[in-house]
Amino acid sequence: MMINLINVGSDIGNITINAFNAIIESDIIVNYDNIDLSDLDTYLKDKEIIDNGLEKSESVEETGDNEVIIGLDESESEETGGNEVIIGLDESESEETGGNEVIIGLDESESVEETGDIYSKLEEYYLKMELAISRSSDKNVALICSNRRNIYGIANLLIQMSSKYNDVEFKIYPAVSPIDYSSAVLGAPLNDFVAIDLNNPIVSEKELKNKIKFALKNDFVLFVHNPIGDNGDKVNFNILKEVMDDFNDELLAGIVNESYRYEISRFNDINEESIRENSTLIIGNKLTYKLEDYMVTSSDYIVKPKFISQNIDFFERYLKDETPKGLDYDCEYLPCHKALEACDFCYCPFYPCADGLTGGEWIKDKDVWSCQHCDWIHLEEPCQAVRKGLEDILEDKNDLKTKHMELLKLRRECLLKTLK
């Protein structure tokens, strides 16, 4: 038979059709991290459910020093027959329990209720995994988990543990991942990105710092899973803050919690009280900005170039080296310059970039891209970088149209080089 490893996403509403069908076709439901499955009650009523170690209608029966019986329904006796599962037999207890139960042993020092350290928590999850593997010998089992337990991490665990046995079959059903969910809630913050589990217990401080530094140094958007450890532990979050302080703590960041609650701010203004164990955090790169209520990272929104006669005339003169470099005191528009900015590109070679990162915006309902608030192209360092790049692209005024994609690549390169 089969184990169906199913991620239901951030809530049941994010489950996929294939995963939903796999649940319906399963005989046994193992609720890996005790999520609310009440929305599926209609489809689960005839199935055996292992939820928080118990079926919903059952109670824990004390049977010995460390023993907990789970899986009894109302028609079954409190003895060890029927379909119950016994967890926690010590050496003095019999292994002959009859029926279809599965026995998974804890040693004398362990208890299911002890969750004060990582080993106790892992033991609880491992028991459920072993249970799913054992019951799949003659039943279809749906092993259900949420985004709180990374689906790929659970898949890793299932693959590792099932390798101890023969003929264990399983299929993995992803749902809306934490990355996709968080990105959709915030708007469009992702481009090329790196995903990091900030509280992996076997990752050293050195490794964690190196990963964060690599992502930031190479202009990746950073997706942070599990930003806060168990019991509100912020040790690794403080490591993230330390690296961000050294790199650039003014990058835009978004916090996403359950029920579509989110906050967007500069990283150095982040509201730490809003970050919980199940929160996700997306830290943008140099190309990330806030557009209305959304977090956006410049991507591949491309608009066909449009030119006016003054623009063409300017670049005809530019190619003949007849346009000013730096501040042009003879410019009739000099009074409108902010802080006496450079006049190298009175007309932008990238127009329309359709990218609000540098201050440009659409004039509402006019289909016109306005550069009125874009100052980047008039700053000294960007001017120098753009001039150098244009040497390899512009040979004729018509190249403004025919090489628009190359020009947009140059713009992106210059942005990454000159933005802080």
Residue tally, condition crowded, with 16+ Cβ neighbours inside 10 Å and of a type in the set (D, E, K, R), over region 387-407: 3
Can you find a residue that is surrounded by fewer than 15 Cβ atoms within 10 Å (Cβ to Cβ) and of a type outside the set (A, V, I, L, M, F, W, C) anywhere in region 335-356? yes
Can you tell me which of Cys348, Cys374 is in contact with a Ser or Thr (Cβ under 7 Å, 6 or more places away or on another chain) and part of a loop (DSSP other than H, G, I, E, B)? Cys374
Whichever residue in region 362-386 is over 17 Å from Phe307 (Cβ atoms), without any contact (Cβ under 8 Å) to a residue 24 or more places away in the chain and surrounded by fewer than 15 Cβ atoms within 10 Å (Cβ to Cβ) and, among such residues, is nearest to the chain's Cα centre (by Cα): Trp362
Answer with yes or no whether Ile302 is hydrophobic (A, V, I, L, M, F, W, C) and crowded, with 20+ Cβ neighbours inside 10 Å. no
Please work out which residue is modelled with the lowest pLDDT, limiting yourself to region 141-154 and to residues that are part of a loop (DSSP other than H, G, I, E, B) and either small (Gly, Ala, Ser) or crowded, with 22+ Cβ neighbours inside 10 Å (or both). Asn147
Look at Asn210 and say whether it is on the phi > 0 side of the Ramachandran plot and either surrounded by fewer than 20 Cβ atoms within 10 Å (Cβ to Cβ) or touching an Asp or Glu at 6+ places or on another chain (Cβ under 6 Å) (or both). no
Condition met for Ser163 (exposed (fewer than 15 other Cβ atoms within 10 Å of the Cβ) and either modelled with pLDDT of 90 or more or within 18 Å of the chain's Cα centre (by Cα) (or both)): yes
Qualifying position, being buried (at least 21 other Cβ atoms within 10 Å of the Cβ) and either aromatic (Phe, Trp, Tyr) or touching a strand residue (DSSP E or B) at 6+ places or on another chain (Cβ under 7 Å) (or both), among Ala253, Ala188: Ala253
Let me confirm something: among Gly229, Gly187, which residue is within 17 Å of the chain's Cα centre (by Cα), at pLDDT 90 or above and small (Gly, Ala, Ser)? Gly187
Which of (1) touching a strand residue (DSSP E or B) at 6+ places or on another chain (Cβ under 8 Å); (2) closer than 23 Å to Asp321 by Cα does Lys397 not meet, given it meets every other one? (1)
Give me the pairs, please: first residue somewhere in region 120-140 and closer than 18 Å to Asn156 by Cβ and at pLDDT below 90, second residue anywhere and part of a loop (DSSP other than H, G, I, E, B) and acidic (Asp, Glu), beta-carbon distance under 8 Å, and either six or more positions apart or on two chains. Glu123/Glu110; Tyr125/Asp33
Tell me, which residue of region 259-279 that is over 23 Å from Asp245 (Cβ atoms) and in contact with a strand residue (DSSP E or B) (Cβ under 9 Å, 6 or more places away or on another chain) is surrounded by the fewest Cβ atoms within 10 Å (Cβ to Cβ)? Arg261
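Matching residues to (1) at pLDDT 50 or above; (2) in a loop (DSSP other than H, G, I, E, B); (3) surrounded by fewer than 21 Cβ atoms within 10 Å (Cβ to Cβ):
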{"position": "Ile3", "(1), (2), (3)": "yes, no, no"}
{"position": "Ile6", "(1), (2), (3)": "yes, no, no"}
{"position": "Ser10", "(1), (2), (3)": "yes, yes, no"}
{"position": "Asn34", "(1), (2), (3)": "yes, yes, yes"}
{"position": "Asn66", "(1), (2), (3)": "no, yes, yes"}
{"position": "Glu79", "(1), (2), (3)": "no, yes, yes"}
{"position": "Ile86", "(1), (2), (3)": "no, no, no"}
Identify all residues within region 280-297 that are surrounded by fewer than 14 Cβ atoms within 10 Å (Cβ to Cβ) and either among the aliphatic types (A, V, I, L, M) or touching a Cys at 6+ places or on another chain (Cβ under 8 Å) (or both); write none if there are none. Leu291
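The values are calculated or read from the model by the stated rules, or taken from the named source; none is laboratory data. As the structure is a prediction and not an experimental result, all values here were calculated from the model. Ideal geometry is used to build each Cβ from the backbone, glycine not excepted, and the neighbour counts take in all protein chains shown.
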